[in-house]
Structure formats: structure tokens, C-alpha cells
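One structure is given below, encoded as C-alpha cells.
The values are calculated or read from the model by the stated rules, or taken from the named source; none is laboratory data. What you see is a predicted model, and the numbers here were worked out from it, not measured in a lab. Note that each Cβ is placed from the backbone with ideal geometry, even for glycine, and that neighbours are counted across all protein chains shown.
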Amino acid sequence: MPLYSGGFNSTVGTTTAPCFDIKASATNSPRLLELAISVTTAAASTYLIGRPGNDGSVAQSSATLLQAEDTLAPAAQTGTAVAWSTAPTVPAATLRRVIFPNTVGAGIIWTFPRGILMAVSKGLVVWNVAANSSSVNFVVVVDE
Amino acid sequence: MAIYSQTALTTVTTTGAPAWDVKASSVNSPRVMEIGLSLGAATASTYGLGRPANDGSVAQTTPVLLNAENPNDPASQTGTAVAWGTAPTAPTIFLRRVATVAAITGGVLWTFPRGLSCAVSKGLVVWNLATNSASLHVWIVVDE
């Protein structure tokens with residue numbers, strides 16, 4: 001199965017709101033292998049990852065498809081977004097949670113050796129648990 | 001397949017400009033296994049890694065070929081550069097993105113277990129997403 005990845009920036013620092021999400025298409029079921037966060041603007045920040053409370057109903061605005069790591073692989077079907085017409089709602093259960101110091105460059109790389117499965121048309125959200133950094137970088141690696 | 005690697009130092013700090021690139025020759029299609037960035041000057045820096053928008057048209061100035069990790073292997077065909085006749089332009093979508101702390105040795109190590117492929121005559125660029133460190137150490141490991 002080919003790998004796909006992407007690096008993105010979100011400026012949504014609002015507390016109790018999504019700042020980034022990743023979503024399977026209607027015809028694929030990818031596995032998330034890695035998710036990295038690093039903040040560009042200094043702010044003590046708390047993030048969590050989980051499946052949105054409204055998983056399956058999220059509508060991404062201007063979704064950006066991931067990029068194939070192998071130039072011979074077909075185009076990705078998995079999309080990411082930092083804005084939504086129907087935004088992800090708070091996860092009922094969380095998979096990862098982290099707090100950063102008030103320092104530019106603070107970050108984390110989470111790896112998932114067997115992959116976090118996203119069902120068809122469903123996904124994962126990075127959620128602002130506090131008034132977070134106003135500029136944060138994300139990297140995702142997915143096996144489709 | 002053989003492993004080749006190299007280190008480089010770039011002093012190109014301009015925001016919205018390439019800092020370093022790697023490019024396949026006209027007869028090879030290498031896979032990047034690892035890229036590391038390490039700051040030599042204490043400046044909070046933001047970098048992106050991606051395929052140049054003008055991929056295939058980049059003209060490196062004085063490209064430096066990688067070094068074989070096994071001295072019995074043939075010479076590398078993959079070159080890196082920190083200056084260009086035709087410079088890489090900004091990737092449309094980044095594959096990796098990171099913000100570093102404002103401290104010497106701030107940085108990141110990206111690994112690509114299955115290899116990030118570069119098609120014939122194409123490559124990857126490390127892009128300055130801010131006014132970055134005046135001194136950036138880069139290393140790369142490639143499977144040719």
C-alpha cells in the first residue's frame with residue numbers, strides 16, 4: 001500500500017474548536033501512521049486527537065489531498081482541512097493528548113505503527129483544548 | 001540498491017525562498033530515506049519540504065553529488081545545491097513542515113521508511129517559510 005503525506009498550517013487557535021482534520025473519501029479507508037505538531041507562534045497549547053463526535057458528517061472546506069511519497073503511486077483520496085462547512089465536533093473519547101510550553105518550536109511526533117484506521121467518509125480531528133497557538137504546523141503520514 | 005548520504009550547510013535565510021534542494025539525475029530515480037535539519041544560529045525558523053512547483057526545470061548551481069556509504073558502490077548520481085541558475089519555486093503542497101525553537105541545534109529529523117521518491121530529473125526542496133536561521137545544517141540519506 002502506498003504512503004501519502006502532507007505538511008499543513010492552521011491558524012485556528014480558538015479554544016474548544018477543531019484546528020485540523022483528516023478524512024477518508026467515500027471510497028477509501030486509510031490508516032494514519034504518523035501525526036506531528038509544531039507551533040510557530042508561542043502560546044502554551046493543549047491539543048487532543050480523536051474521532052469527531054459527528055464523525056461521518058464532517059464537511060471539509062477546500063480539502064487538500066495528501067501527496068504521494070512515491071511518484072508512481074496514484075493520487076491520494078484522503079483529504080485534510082483547516083476550515084469546514086460542517087465542522088468536526090468534540091470527540092467523545094480521545095486517542096492522544098498533549099500540552100506544550102509557551103515556546104516557538106514546541107511540538108510532538110506521534111507514531112502509530114499499525115495505523116489508526118479511518119472508516120469510509122470518517123476521520124480524525126486535532127482539537128484545541130485551550131486558547132492555543134495562532135499558527136501551528138501539522139504533518140500527517142497515511143497508508144492508503 | 002545502494003545508500004548514499006551527504007551533509008550541507010546553507011546560509012539562505014530569505015523567507016519565501018529555497019534553502020536547499022536535492023535532485024535526481026536524468027538517468028536515476030532515487031528514494032530519500034532521511035532528511036535532517038539542525039540550526040547553526042538561534043533563530044526561530046519554519047521550514048517546509050516538498051516537490052518544487054517547477055519540478056523538472058530546476059537548474060542547480062555547482063551541485064554536489066552524495067557520497068556512497070559503501071566505498072565499493074558506484075558514484076552517486078543524486079545532487080544537492082544551495083544556489084541555482086533556475087531556483088526551485090514554492091511547492092503547492094508540502095510533504096513536511098516544522099517550526100523550530102530559537103536555539104542552536106533546534107531542528108528535526110524526518111524519516112521515510114519506504115522512501116520518498118524523486119522521479120528522473122526531479123527533486124525535493126527545503127523551503128524557508130519564515131526569515132530563518134542564518135545557518136542551517138542539512139543532511140540527507142538516499143537509496144539509489
Out of B:Leu129, B:Leu109, B:Leu124, which single residue is closer than 26 Å to A:Asn9 by Cβ and touching a Leu at 6+ places or on another chain (Cβ under 7 Å)? B:Leu124
Single residue of the range B:54-76 satisfying the filter (more than 14 Å from chain A (Cβ to nearest Cβ) and under 27 Å from A:Val141 (Cβ atoms)) that is surrounded by the fewest Cβ atoms within 10 Å (Cβ to Cβ): B:Glu69
All conditions in (1) in contact with an Asp or Glu (Cβ under 8 Å, 6 or more places away or on another chain); (2) closer than 25 Å to A:Ala42 by Cα; (3) within 14 Å of another protein chain (Cβ to nearest Cβ) are true of A:Ser134 except (1)
Note on the range A:67-80: residues over 11 Å from A:Lys23 (Cβ atoms), more than 8 Å from chain B (Cβ to nearest Cβ) and crowded, with 18+ Cβ neighbours inside 10 Å are A:Ala68, A:Ala76
Go through the range A:82-144 and tell me which strands (runs of 3 or more DSSP E), entirely inside it, have 2 or more residues that are of a type in the set (Phe, Trp, Tyr). A:107-117
Flag if B:Ala44 is assigned to a loop (DSSP other than H, G, I, E, B), surrounded by fewer than 18 Cβ atoms within 10 Å (Cβ to Cβ) and at pLDDT 95 or above: no
Quick one: is B:Gly79 within 23 Å of B:Ala17 (Cβ to Cβ), at pLDDT 95 or above and facing another protein chain (nearest Cβ under 8 Å)? no
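Name the single residue that is nearest to the other protein chains (Cβ to nearest Cβ) among those in the range B:105-144 being among the polar types (S, T, N, Q) and within 23 Å of B:Asp55 (Cβ to Cβ).
B:Ser117
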